[in-house]
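Below is one structure, written out as structure tokens, with a few remarks after it.
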Amino acid sequence: NLSTALLRQERIAEAEAAARRAVAVAPDNVATHRQLASVLALQDRPRESIEALRTVLPLDPEDETVGAELLYQARQICDWNTIGALTPNVVAGIERALREGRKPAATPFTAIAVAPELEGEVARAWADDIERTAVAISAPFVHARDRRQDGPLRIGYLSGDYRAHATMHLIGSLFSRHDRTRVACHAYSYGIDDRGRSRRRVEIEADAFV
């Protein structure tokens, strides 16, 4: 829990240290190894993340999340032996979850690589789960009756990927291309600030950055 809290504050080194302490205290606990693997993966250290997941897999061979994450990380470094060994089990887990009406452990990003014919169903299952969570914790939103008539339309873009990420490569010039006589664009970030060029571009080109 401490590692997770530190991770959400972008205190990555401290999050890793906390995860390693948790592993040392509870080496037979699946959650501690998974947390360490997640912290390592977020630092683009897939080989170390794989080793952490390999350690935890024998502790609970039936844990579909561990197998799916291990397969995803193995694909990052073209570890074909691991990919070949894990793919049948992960695909079987996807099919089983869909039959049972639950969200598969494998993300849509994994599914599209190993079971493209199931990608649509996996994406819907994940979207449905997100919607259920959001509805359970959100209060109804009511628009104000009095609408602003003056000035341009204000549009807000909410993203966790204002950084060196595929999303930014896709929307790169979006903010600079708005007709400023008609539109004011605000960018809201809930993701990590990698202090890179993509992040700075949004900060500069959006009318407001939060």
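What to note about this one:
- Looking across G160, G172, one residue alone is surrounded by 10 or more Cβ atoms within 10 Å (Cβ to Cβ), under 23 Å from R11 (Cα atoms), free of Cβ contacts under 8 Å to residues at least 60 places away in the same chain and small (G, A, S). It is G160.
- Close pairs (9 angstrom Cβ cut-off, 6 or more residues apart or separate chains): farther than 16 Å from R102 by Cβ in region 119-138, open to solvent by 70 Å² or more (accessible area, probe 1.4 Å) and modelled with pLDDT under 95 anywhere: E119/I112
- Criterion: hydroxyl-bearing (S, T, Y), surrounded by 13 or more Cβ atoms within 10 Å (Cβ to Cβ) and under 21 Å from L118 (Cα atoms) - qualifying residue of T82, T4, T87: T87
- In the set (1) of a type in the set (D, E, K, R); (2) under 30 Å from Q73 (Cα atoms); (3) open to solvent by 90 Å² or more (accessible area, probe 1.4 Å); (4) outside any loop (DSSP other than H, G, I, E, B), R154 fails one condition alone, (2).
Residue-by-condition table, conditions (1) assigned to a helix (DSSP H, G or I); (2) of a type in the set (A, V, I, L, M, F, W, C); (3) farther than 18 Å from A113 by Cα:
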{"site": "P27", "(1), (2), (3)": "no, no, yes"}
{"site": "Q35", "(1), (2), (3)": "yes, no, yes"}
{"site": "E48", "(1), (2), (3)": "yes, no, yes"}
{"site": "E51", "(1), (2), (3)": "yes, no, yes"}
{"site": "G67", "(1), (2), (3)": "yes, no, no"}
{"site": "A92", "(1), (2), (3)": "yes, yes, no"}
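- Which listed residue, of D179, D161, is in contact with a helix residue (DSSP H, G or I) (Cβ under 9 Å, 6 or more places away or on another chain) and outside any helix (DSSP H, G or I): D161
- All positions within region 177-196 that are exposed (fewer than 14 other Cβ atoms within 10 Å of the Cβ) and more than 16 Å from S159 (Cβ to Cβ): R177, D179, R180, T181, R182, V183, R195
The values are calculated or read from the model by the stated rules, or taken from the named source; none is laboratory data. Everything numeric in this text was worked out from a predicted model, so none of it was measured. Here Cβ is always computed from backbone atoms with ideal geometry, including for glycine, and neighbour counts include all displayed protein chains. SASA here: full protein model, heavy atoms, side chains in, ligands and nucleic acids out. Shrake-Rupley method; radii C 1.70, N 1.55, O 1.52, S 1.80 Å.
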